[in-house]
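A short worksheet on the structure shown next.
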Protein chains: 2
Amino acid sequence: MEKEIHDLWREVRELSLGTEIDRLDTPPSPIQFIRDYVSQSKPCVISKAISHWPALKLWSDPSYLAASLSDDLVSLHLTPNGSADAVTPMNHHDGNTENLCFASAHVEKLLFTEALHAVKSSCKGRNVAYLQQQNDCFRTEYSNVCLDCDGDIAWATEALGCSPEAVNLWIGTDLSVTSFHKDHYENLYAVVSGEKHFLLLPPTDVHRLYVQEYPVANYSYNRDSEEFKLELEQPMKYVPWCSVDPYPSPEKEASERSKFPLFFDGPKPFHCTVKAGEILYLPSMWFHHVSQTQGDGGYTIAVNYWYDMQFDVKYAYFNFLQSVPYESSSLISKLSGREDEDSESSDAEV
Amino acid sequence: MEKEIHDLWREVRELSLGTEIDRLDTPPSPIQFIRDYVSQSKPCVISKAISHWPALKLWSDPSYLAASLSDDLVSLHLTPNGSADAVTPMNHHDGNTENLCFASAHVEKLLFTEALHAVKSSCKGRNVAYLQQQNDCFRTEYSNVCLDCDGDIAWATEALGCSPEAVNLWIGTDLSVTSFHKDHYENLYAVVSGEKHFLLLPPTDVHRLYVQEYPVANYSYNRDSEEFKLELEQPMKYVPWCSVDPYPSPEKEASERSKFPLFFDGPKPFHCTVKAGEILYLPSMWFHHVSQTQGDGGYTIAVNYWYDMQFDVKYAYFNFLQSVPYESSSLISKLSGREDEDSESSDAEV
């Protein structure tokens, strides 16, 4: 099936996606949005989408946020390297084998001002802090500033026929990176300060991400010793996750390229930078890798709206495609796992 | 891949299609139509969709049409059995083999009144006439009555963002049957008189139709001898067409069932009857088989609107699925004389 799968990668680009992510100067009408983007599972970036949000001006000054949220407890994600929910070596010293796991951040509830200070003073290799929690945190932990943004993206709500299921806030620096994964939501991703850099691959390219089952491990952070421990969850639990790091370090590049040729030798991922004031429509089931550049205030700030997706024929086709064995899948079967449903007990979604 | 393909058939029904075609009491809003039906590639029948068309009353009296169109030349399709554009035996007398072809009707341009009379006096086994031409005939040949219907289906035009590419008129009797096939158009099919009976299978079920290449043959009719000749087009030309007749004659049923087990033993096709005053939304790429019952005036009359489809990710997925070999393809290779090492599948049917 190799030829047929490569043909699919090519055809979806030729027919629908093109070579660059569409850019719209103003928000689409609800019908245009659903017809030309959602229905086609095609991303777009919309400029001047949130010009009317007070947040766009207010939040570029961190002292405004600090004053508004001073007494509020917020969720802070801590990792040694800025990679949470990512495939990570376990650092076992058992010879040449490198045991990989799916590492979750250490999560703490802190006063916002302390948490923001931790983000600012992040230091790679020691302690990188990222203010985020994908559980509707914007409307719960950040309720004191949530009126600075719209409660939904009006044209998306009308198009999709429902209100957002969750709204999440993200405050970080360029030290935090989100590894390739997909979500089972339609995602409207608004950048309020700084820039977000997305690498995107359509669901048709699933084999190129080498999705495998990894054992779940959790970081725990000791404030006194300032050290992280990474320990496998007990009893062992596995989640399917993308194996590919699109930006390997120079010393790892050759080995990564030889391990993941479908990714590195196939069609280039779509790249797009979403600036403050812009919204990315990221269709459900698209694989995305996210990095960021902070804005004038010293942070990257984004708010994303998750809308329920439709589990329809596209989803059924995706499951069928994923079931077709091709290189990465044979790797999966070695690991004994078949990717079925996302595990309920984890918020991780490949 | 047998299991995976059967899973796809099942999943698209469980997730999206259900077991019956949706029925709407009134036309959907454009957004509802595109979100819940077009985007999901999901058919629906809409009642009270054309109540305001003068045609609904006027055309039930054939003398109205005869008077309005008396001087107009229209395209009449003639076959001996009511099956045009269908897989048909060539009736060669060369032993036991039955050579099959794709047989096109004899098409004549006649005055409407003569043509209508030919439809009325159709006789199976001798001469079955069907007034139809899928080339926008309603707006050309029938321009003298086309104001009796709307020029488009307004909510579909708004949803799909374009006007109909073609509008076709169909006047026939229960002797005319359209064999399983698919069209590369979004189809809004309005019944004005009588009833149309659709058997429907989604594009995901493509392997169940045993699509094969058949040589094109054309009927020609001699008015004097009242005889048809069926001759292969020269030079030979081949078209891919569905092999399955869902209603085989009793003497053929056992052999058809054994030739096409994926069709006869798989999930039941969707069945729906569209009555005068109703519209069927038939999504692009859905396989459909159409039969009919005439109304009070003695004819079944329908007008269908073809809108351009989007060749997007669903289309790419379909092409990929179709490229996956499964039984029907092995049949194709047998017919083309190649040895096929894969024996008949004994996989359990869904």
Heavy-atom accessible surface that A and B bury in contact, both chains counted, 1.4 Å, Å² to 100
3200
Hey, got the average number of other protein chain Cβ atoms within 10 angstrom for residues in B:39-45?
3
I'd like the mean, over residues of B:193-205, of how many other protein chain beta carbons sit within 10 Å of each residue's own Cβ.
1
Provide, in order from the shortest bin, the percent of all Cα-Cα pairs of chain B in each 10 Å bin, continuing until the bin that contains the maximum pair distance.
5, 23, 32, 26, 12, 2, 0
How about the range A:144-195: which GluC sites (Glu not before Pro) there lie in a loop by DSSP and see at most 15 other Cβ atoms within 10 Å?
A:E165
Quarter of Cα convex hull surface for the protein assembly as shown, i.e. mean projection, nm²:
35.9
Considering only protein heavy atoms, what per residue accessible area in square angstrom results for the range A:27-72 with a 1.4 angstrom probe?
39
Quick one: compute the contact order of the range A:1-336, relative version, from alpha carbon pairs under 8 angstrom and 6+ residues apart, as a percent.
25
Let me have the 222 nm mean residue ellipticity of chain B computed from DSSP H runs of 4+ only, each contributing -39500 (n - 2.57), with the sum over all residues rounded to the nearest 500.
-6000 deg cm²/dmol
When Cβ neighbours within 10 Å are restricted to other protein chains, what is their mean count per residue of peptide A:11-21?
3
Ignoring ligands and nucleic acids, what accessible area does A:Y64 show with a 1.4 Å probe (Å², nearest 10)?
60
Simple spin-label model, 7 Å along Cα-to-Cβ: A:S258 to A:T293 in nm?
3.5
Any chance you could check the range A:291-327 for residues losing 40 Å² or more of accessible area when the partner protein chains are in, compared with the chain on its own (1.4 Å probe)?
A:Q310, A:F311, A:D312, A:V313, A:K314, A:A316, A:Y317, A:F320
Computed from the beta carbon distance with a Förster radius of 41 Å, FRET efficiency for B:D61 and B:C162 to the nearest 0.05 stands at 0.75
Starting from the Cα-Cα distance between A:N144 and A:E251, subtract it from 0.36 nm times their residue separation and give me the gain in nm to one decimal.
33.9 nm
Which listed residue (A:I153, A:L58, A:F228) has the Cα farthest towards the positive end of the charge dipole for chain A, taking +1 on Lys and Arg C-beta and -1 on Asp and Glu C-beta about the Cα centre?
A:L58
If you take every DSSP beta bridge whose two residues both sit in the protein assembly as shown, what share of them, in percent to the nearest 5, is antiparallel?
90
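For B:D174 and B:D224, FRET efficiency with R0 = 25 Å and r from the beta-carbon atoms, rounded to 0.05?
The pair B:D224/B:D174 has a calculated efficiency of 0.35.
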May I ask you to derive the relative contact order of the range B:36-111, considering only C-alpha pairs under 8 Å and at least 6 residues apart, and to give it as an integer percent?
27
Could you pull the Rg and Dmax for the range B:179-300, using just the Cα atoms, both in Å?
16.9, 47
Between A:L73 and B:N91, what FRET efficiency follows from the Cβ-Cβ distance if R0 is 60 Å, with the result rounded to 0.05?
0.10
7 Å along Cα→Cβ, label-point gaps from B:K268 to other copies, nm, shortest first
5.3
Per GNM of chain B with C-alpha springs under 10 angstrom, the most fluctuating residue out of B:F320, B:F287, B:F112 is B:F320
So if I average 1/r over every pair of distinct C-alpha atoms in the range A:51-156 and take the inverse, what Kirkwood radius in Å does that give?
15.8
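Please compare each pair in B:K42/B:K259; A:K42/A:K275; B:K229/B:K259; A:K42/A:K124; B:K182/B:K314; B:K124/B:K229 to a cut-off of 26 Å on the Cα-Cα distance and tell me which ones are over it.
With Cα atoms farther than 26 Å apart: B:K42/B:K259; B:K229/B:K259; A:K42/A:K124.
Ignoring ligands, DNA and RNA, what percent of the accessible area of the range A:1-336 is carbon or sulfur (1.4 Å)? It would help to have the intermediate numbers written out before the result.
Working: 6830 of 13670 Å².
Here carbon and sulfur together make up 50 percent of the probe-accessible area.
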What does DSSP give for the range B:1-336 in terms of the percent of beta bridges that are antiparallel, rounded to the nearest 5?
90
Find the accessible area per residue for the range B:219-305; the probe is 1.4 Å, ligands and nucleic acids are left out, and the unit is Å².
48
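The values are calculated or read from the model by the stated rules, or taken from the named source; none is laboratory data. Treat the numbers as computed from the prediction; the structure is a model and nothing was measured. Using ideal geometry, Cβ is built from the backbone for each residue, glycine included, and neighbour counts are taken over all protein chains shown. The accessibility values were calculated without ligands, DNA or RNA, using every heavy atom of the protein model including side chains. Shrake-Rupley method; radii C 1.70, N 1.55, O 1.52, S 1.80 Å.
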